[in-house]
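Below is one structure; the comments refer to it alone.
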Amino acid sequence: MDKKLKIPPQNIQDLTLPKKLAKKLEVVVGSDFSLTGKSRTDGSNLRKLIAKILLENNPPICAEKSDYELISKKGVPKILLEYVDTYIVTSGTTYNLQVWNRNPSSSSVQIQYANGDTLKSNKVRFVLVKIDMVEGKVESIVVLTPQYIVKKFGIFGKPTIKSQLIISNKMRQMVIESTDSILFYPDTVGSKSNFLNLKNFNIHDEPTSESLLSMDSIKEIVIEKIIGQKIPPASTKNRGQLLENIFAKALGYRLLDTEPLAGGYPDIRNQALEIKIQDSPTVDLGKYSPEFEEVVPNCGGFTTKTMRYCIVLSNPKTYIVEGAILAIGDKLGENFTYIANKSYKSQRSIPMSFFDTLKGKSLFNP
């Protein structure tokens, strides 16, 4: 495959519209395509076929190396120039769409441009090519968006993984140098109290309307009482526990020095608040990740996407907190990138009857 196709477009606005992609690929329908039975070989041959057509039909201009940053090599589409992944569909009653190392529904940043633009997981276009195994020909092509797949066939299955969040050095510095050194997103659903006396509440308790502080209130506490604190060097677990203790007291909880912290997820359950410390590019998220929405047990109906997160940015040399990120989980992917500590795949079954209606056609989100 031409090296140009492994480079993202100079401008995301130059990506070919998906309806036009389907139109460009019409010439492939009916062409010969012999399957070898080796999935990697067949997949590579299909990419080369699709890539040839895309390169011959007014493709976007490639970005310069200084124009963008590839946050992680895992999970990005194979054809970056048009932000496309290709898949072969053959026979059976259902087709199992398998997407490696990303949740197609997630807003996780894959490519960060120098001008602030981003390309995210939920913007990858899927090119599914149905092969007639008897004739050895391309029977049909369909270009699908993740949103269409979820709406028509259901959500992608959640794999059992331990997730991490990458905060690039560039984004980290932008946060630290911003107003009040905080990246903040306010409450998006409902109203919560601005000022509360939390001395009679316990950090282990389930959150209630009487105990939940507003995100704006937590922001003021972070600015006044957390940024500037020194979190001494120790094991990751011990530093995390120390930060949780400092945070709980700053919020107004009455804690004894010997009192055990809540542990588990979230760290301060009574505020539906998960606290992380970051002094390297990756933040360990553990079992629960906002990349995949699921209800959090015993947490007042909060999900991983509505959970409140505070990630403090600690200087790796001075151990001083220089900034913070305060947002609900759903907003984290808008600025940062989800990865897993090992390879995984998100899956979605599509009935083969869907492809049976497309014979001889190349369509977008039919």
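Derivation of every value follows stated rules applied to the coordinates shown; laboratory data play no part. On a predicted model such as this, the values are computed, not experimentally measured, just so you know. Cβ: placed from backbone, ideal geometry, glycine included. Neighbour counts: every protein chain shown.
Test of understanding: extend the Cα→C-beta vector of Asp284 to 7 Å, then name every residue of the range 306-322 with backbone N under 17 Å from that spot.
Backbone N within reach: 311-312, 314.
Estimate the FRET efficiency between Lys20 and Asn341 by the formula 1/(1 + (r/R0)^6), using the beta-carbon distance for r and 30 Å for R0, to the nearest 0.05. Present the calculation step by step, with values, prior to reporting the outcome.
Values: r = 38 Å, r/R0 = 1.28.
According to the calculation, E is roughly 0.20.
In Å, what Rg and Dmax follow from the Cα atoms of the range 54-184?
That works out to 18.1, 65 Å for Rg and Dmax.
If the label point is 7 Å along Cα→Cβ of Trp100, which residues in the range 54-75 have backbone nitrogen under 20 Å from it?
Taking a point 7 Å out along Cα→Cβ of Trp100, the residues of the range 54-75 whose backbone N falls under 20 Å are 70-75.
Write out the chymotrypsin sites (Phe, Trp or Tyr not before Pro) in the range 121-223 meeting two conditions: DSSP loop, and at most 13 other Cβ atoms within 10 Å of their Cβ. Walk me through the numbers on the way to the answer.
On the way: sites: Phe126, Tyr148, Phe153, Phe156, Phe184, Phe195, Phe201; in loops: Phe156, Phe195, Phe201.
For chymotrypsin sites (Phe, Trp or Tyr not before Pro) across the range 121-223 that sit outside H, G, I, E and B with at most 13 neighbouring Cβ atoms in 10 Å, the list reads Phe195.
How many percent of DSSP beta bridges within the chain run antiparallel, rounded to 5?
Details: 41 of 60 bridges.
The answer is about 70 percent antiparallel.
Beyond 21 Å, what share of the Cα-Cα pairs of the range 253-366 is found? Please give it as a whole percent.
Numbers: 3518 of 6441 pairs.
Across the range 253-366, Cα pairs with separations above 21 Å total 55 percent.
Calculate, in nm to one decimal, what Lys249 and Lys230 gain on full extension: separation in residues at 0.36 nm each, minus their alpha carbon distance. Numbers along the way, then the final one.
Working: separation 19, 0.36 × 19 = 6.84 nm, distance 1.51 nm.
Residue separation times 0.36 nm, minus the Cα-Cα distance, leaves 5.3 nm.
Calculate, for Asn298 and Lys78, the FRET efficiency according to 1/(1 + (r/R0)^6) with r their C-beta to C-beta distance and R0 45 Å; round to the nearest 0.05. Show your work: numbers first, answer last.
On the way: r = 42 Å, r/R0 = 0.93.
Efficiency at R0 = 45 Å is approximately 0.60.
Taking the chain as the reference, fit the longest principal axis to its C-alpha atoms, fit the long axis of helix 236-251 to the helix C-alpha atoms, and give the angle between the two in degrees, 0 to 90, nearest 10.
With both axes taken from Cα atoms, the answer is about 60 degrees.
In deg cm²/dmol and to the nearest 500, what is the mean residue ellipticity at 222 nm of the chain if only DSSP H runs of at least 4 residues count, each as -39500 (n - 2.57), divided by the residue total? Could you put the intermediate results ahead of the total?
Details: 8 runs with 72 residues, N = 366.
Helix-only estimate at 222 nm: -5500 deg cm²/dmol.
Mind pulling the angle between the C-alpha long axis of helix 39-55 and the longest principal axis of the chain? Nearest 10 degrees, somewhere in 0 to 90.
In the chain, helix 39-55 runs at an angle near 80 degrees to the longest axis.
If I model a spin label at Val150 and Lys199 as a point 7 Å from the Cα along the Cα→Cβ vector, what separation in nanometres do I get?
4.5 nm
For the range 164-340, just the Cα atoms, rotate onto the principal axes and tell me the three extents in Å, largest first.
Largest first, the range 164-340 extends 39, 34, 30 Å along its Cα principal axes.
What are the principal axis extents of the Cα atoms in the chain, in Å, biggest first?
75, 43, 35
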